There are 2 protein chains.
Amino acid sequence: MSSNGENITPARETGTLGKLMVLLDLVTHADAPLRFTDILALAGQPRGTLHRQLTHLVEEGLLELDGDGRYAPGLRLLDFAARSWARNEFRLIAEPHLRDLQRATGETVHLGVLRGQSIIYLDKVEGRQPVRMYSQIGNASPCYCTGVGKAALSLLPAESLVDLLAGLSFTSFTASTHVSAETLLAEIREIADQGYAFDREEHEAGIRCVAAPVWSEDRTFMGGISITGPAYRLSMELLHQWSVPVQLAAASIMEGMRVRLGPRR
Amino acid sequence: MSSNGENITPARETGTLGKLMVLLDLVTHADAPLRFTDILALAGQPRGTLHRQLTHLVEEGLLELDGDGRYAPGLRLLDFAARSWARNEFRLIAEPHLRDLQRATGETVHLGVLRGQSIIYLDKVEGRQPVRMYSQIGNASPCYCTGVGKAALSLLPAESLVDLLAGLSFTSFTASTHVSAETLLAEIREIADQGYAFDREEHEAGIRCVAAPVWSEDRTFMGGISITGPAYRLSMELLHQWSVPVQLAAASIMEGMRVRLGPRR
DNA sequence: CCGAATTGTTCCATTATTTGGAACTTAATT
DNA sequence: AATTAAGTTCCAAATAATGGAACAATTCGG
């Protein structure tokens, strides 16, 4: 019943923790704070059980219960995430290269990594725009309709790729969104050959990007970097040209990782 | 021995969840990824137990295990936090007023809220730099040596304040940091009277701020906003002047909350 | 204003999960 | 090759989670 096609973990049951995480997912994915009864309907658990679970989550600061009995994501999550982000080695290594790429093109640059079926954006470098859409950082997006996502998929061995594609449920965000594993697979093969991927307004109308895959030697990270911008400014010709600097930046990041992380393995 | 005096939750036991959260805390607060044995020593649990707990956390994406057997915070935390942040009503209401204040003064403006003994920064508006998560957002800071923290404390009823102060352990970050509940309490009384607080280089040498308290009617939020900058630019005279605009901005935010959230209660 | 319905909370015997010691496997060290 | 340390698996005992039902509080309809 989850109307969400972007689960990071495919509902594996991890005992008590797994059940609690389902609740956290419900609340954090909701558009507004949920009442007890709303969660009751969504979670399909006995009232007593649910109540205790929610109480525990609130006590730990993972959820917050306001005066009107509505549950919202807890601020403790922010604290965890801030640390998780600040210390992420991959991101730290990539950052200067993202900046270079942003400066060279003037457009927005993203760094994302594949987790399950989703791309999680680790970083975003914008021009000087006053409007902050940096809420992108940390957000999970589908892998099948983003440049970074398709670049990441092109890194997977054939077998894993087939498995992953089999588990996808395609949401048609725009007229250009892939809606079947077949056409997607064909494009991914092409991407694997040429070494870069496009997003032709597949996730958001009017937004295009060119992306290149990035990975760590131990395959802990499989993701990519992208240059993103409005279609009126980024012609497909321009994106083709930019496939070169994106790939160069990707190479630099991977070289940085080899130096920083490589010797250990 | 956690060397960290800024716990958000005072180690209450929430059954299974509580134990797992202790582990998450350990890993996210560490300066570098931890090995199994490191965690074993820190957590003081039987090997078998710890191993299964870590496995569960990894399966849920809350931790990640790299090829060298080191545990790091998981990226799923980012996804949770991004949602938690993007939808936070308090922050959404405050944001335009933070911008106004930044524009009026040219200095950095913060929004923070009291959680337990810590201030969690919800937002930050800087001059020309695009805001990035690593700045401060999401980070927990002590309440006793930050402007926002002391402003928040001035909102507490006498009894709660005494309780909270009793539980504090003071870390002396600079020569000006409060190191006893007595002097802190005296200053908080003064702040409650005058309606604004200063940070006189108490958390970081060379950094000053002036802050005003902000709260919601149901006291779900007790926090504050501040103007922060280097001491050489922000004389105490200037900070005194700025106590007016900070308080005005705080009033606007609270008015915004009354309009937005008030009718419901 | 009252009774009915809905919503939220507590209780406790049953059930399922977690626990932790020990045995075992694998990797690192001498 | 032998020794130590690091990491993993197993299972009976201890502990925590479950869920039905009873209870309280709030909201709704007449």
Among what's in the stretch A:81-115 and is part of a loop (DSSP other than H, G, I, E, B) and at pLDDT 90 or above, pick the residue that is surrounded by the most Cβ atoms within 10 Å (Cβ to Cβ). A:Glu107
Kindly list, by first and then second residue, each pair from a residue in the stretch A:100-111 that is closer than 11 Å to A:Asp123 by Cα to a residue that is assigned to a loop (DSSP other than H, G, I, E, B) and at pLDDT below 95, limited to pairs with Cβ atoms under 6 Å and residues at least 6 apart or on different chains. A:Thr108/A:Glu126
Where in the stretch A:116-231 are there helices (runs of 4 or more DSSP H), lying fully within it, with 3 or more residues that are in contact (Cβ under 8 Å) with a residue 24 or more places away in the chain, assigned by the TED database to the domain that holds A:Met257 and of a type in the set (Gly, Ala, Ser)? A:147-153
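Would you pick out the residues in the stretch B:216-265 that are among the β-branched types (Val, Ile, Thr), away from chain A (no Cβ under 14 Å), more than 13 Å from B:Thr105 (Cα to Cα) and surrounded by fewer than 22 Cβ atoms within 10 Å (Cβ to Cβ)?
Residue satisfying the conditions is B:Val259 alone.
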Check on A:Ala104, among the aliphatic types (A, V, I, L, M) and closer than 23 Å to B:Trp85 by Cα: no
Got a sec? Which of B:Thr37, B:Thr28 is within 10 Å of DNA strand D (Cβ to nearest atom) and either at pLDDT 85 or above or under 16 Å from A:Leu20 (Cβ atoms) (or both)? B:Thr37
Helices (runs of 4 or more DSSP H) wholly inside the stretch A:15-71 that include at least 2 residues being within 26 Å of B:Gly116 (Cβ to Cβ) and at the interface with chain B (Cβ under 8 Å from one of its Cβ atoms): A:15-29, A:47-59
Is it true that some residue in the stretch B:182-203 is more than 25 Å from B:Asp100 (Cα to Cα) and polar (S, T, N, Q)? yes
List pairs: first residue in the stretch A:28-52 and more than 24 Å from A:Gly138 (Cβ to Cβ), second residue aromatic (Phe, Trp, Tyr) and more than 7 Å from DNA strand C (Cβ to nearest atom) anywhere in the structure, Cβ distance under 9 angstrom, at least six positions apart or on different chains. A:Arg35/A:Tyr71; A:Phe36/A:Tyr71; A:Asp38/A:Tyr71
In the set B:Leu78, B:Leu57, B:Leu20, the lone residue that is crowded, with 21+ Cβ neighbours inside 10 Å and within 10 Å of DNA strand D (Cβ to nearest atom) is B:Leu20
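The values are calculated or read from the model by the stated rules, or taken from the named source; none is laboratory data. Here the structure is a predicted model, which is why all the values come from computation and not from measurement. Glycine also receives a Cβ, built like all others from the backbone with ideal geometry; neighbour counts cover every protein chain displayed.
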